[in-house]
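The values are calculated or read from the model by the stated rules, or taken from the named source; none is laboratory data. Bear in mind that the values here come from a model prediction, so they are computed numbers and not experimental data. Methodologically, a virtual Cβ is constructed for each residue, glycine included, from the backbone with ideal geometry; neighbour enumeration extends over all protein chains shown. What goes into the accessible areas is simple: the full protein's heavy atoms, side chains included, and nothing from ligands, DNA or RNA. Shrake-Rupley method; radii C 1.70, N 1.55, O 1.52, S 1.80 Å.
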Amino acid sequence: MENKQRLISGVKPTGRPHIGNYFGAMKQFVDLQSEYNSSIFIADYHALTTVQSAGEMKRGILDIALDYLAIGLNPEKVVLFKQSDVPQVAELAWIFNCITTVPYLMRAHAFKDAQAENKEINVGLFDYPVLMAADILIQDIDLVPVGKDQQQHIEYARDIADKFNRVFGETFKLPKANILREVETVKGIDGRKMSKSYGNTIGLFAEDDEIEKQVMCITTDSKGVEESKNPEECNIFALHKLFNSENELGEIRKRYVEGGLGYKESKEILIENIKKFIAPLREKRAKLAENKEVVLEILKKGGKIARQRAEEKMIEVRKKIGVDLDL
Ligand code: ADP
Ligand code: TRP
């Protein structure tokens, strides 16, 4: 345990996770949980930039906790917690705010996108990368498994660590992002990046009829059944890649190129595969949901461990910046 590298990642409790979240990020949490000293959390304070209803927040937190357990995160191996149980993170974010400039934060993609869309931007959204840096740096993290859209945030965390180290002396490790190239940006049913905010998702715990509806809506060109098709340009095929072995994929690819596989049949194959994949996850989640107290207990226990580690780090940080007056 002791000499393992340290890993952290989190998901916001904003709406239901989709297969893009799973293949890009959450599957990595499960696959790496034994190899790394892992902490996985629910980013509730990040969600507060958009979720501003207590009922929705509560439901969202419990939902992600169930999702984490249903995909196979083992609370014996992983510290599972919610961000708000580690208030030291907000304290550290303030300290980082004081060494971070406004123009630097104005370069963040998420901020620029919100600005381009003329959205009302709260200070929390603007400061999002700083809170995220605090999540990571407070736990002395080596590796952060995420999808590609989070790459810039990890770079911010590295920059902020480096700046603090230069100003106050060596204190923080520089974390690395772990992004799986083949699934760094899973496409949605409209061919854009799959994202909750685009409404183009296939839910990770979707019911069979939802899966059918979502897959049937995948956009394609208008080639006929017998025409030769380029699988690499097809939104259905992009999703086949997630659910098929190399062999099965070879078969489908061949039928695309030779002609004879229509988009409708291709979608039907995809629907069957997704159903087979999701059914056991959904069942496991339903079982876990019968016993919510157990889930709350897991989060409470994890929160205590994460908070203790964070407090140890903050003792060092408070000394470094000179607010701890102990001689
Ligand atoms: P969304 O963009 O749907 O709101 P989140 O911001 O909650 O998703 O992302 C949670 C995790 O899932 C992050 O690590 C993010 O990089 C990853 N992720 C989100 N969408 C995708 C996608 N389409 N492909 C790969 N990874 C993704
Ligand atoms: N920003 C991440 C997302 O939108 C969530 C997140 C918050 C996170 N803090 C983090 C991810 C720390 C990894 C590490 O998905």
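See the values below:
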item: Matching residues, segment 190-213, being within 14 Å of ligand 1 (Cβ to nearest atom) and open to solvent by 20 Å² or more (accessible area, probe 1.4 Å); result: 190, 191, 192, 193, 196, 197, 198, 199, 201
item: Number of positions in segment 1-25 that are touching a residue at least 60 places away in the same chain (Cβ under 8 Å) and either within 10 Å of ligand 1 (Cβ to nearest atom) or in contact with a Leu (Cβ under 7 Å, 6 or more places away or on another chain) (or both); result: 16
item: Single residue of 154, 61, 95, 71 found to be closer than 23 Å to residue 308 by Cα, among the β-branched types (Val, Ile, Thr) and under 20 Å from the mean Cα position of the chain (by Cα); result: 61
item: Helices (runs of 4 or more DSSP H) within segment 105-175 that include 1 or more residues away from ligand 2 (no atom under 13 Å from the Cβ) and of a type in the set (A, V, I, L, M); result: 109-116, 123-126, 151-168
item: Elements of type helices (runs of 4 or more DSSP H) contained in segment 199-313, each with 3 or more residues being farther than 26 Å from residue 185 by Cβ and touching a residue at least 60 places away in the same chain (Cβ under 8 Å); result: 263-289
item: Checking residue 91 against (1) surrounded by 20 or more Cβ atoms within 10 Å (Cβ to Cβ); (2) within 30 Å of residue 320 (Cα to Cα), the condition it does not meet; result: (1)
item: Meets criteria (more than 11 Å from ligand 1 (Cβ to nearest atom), touching a Lys or Arg at 6+ places or on another chain (Cβ under 9 Å) and not polar (S, T, N, Q)) for residue 148; result: no
item: Residue within segment 246-268 that is more than 23 Å from residue 32 (Cα to Cα) and within 16 Å of ligand 1 (Cβ to nearest atom) present; result: no
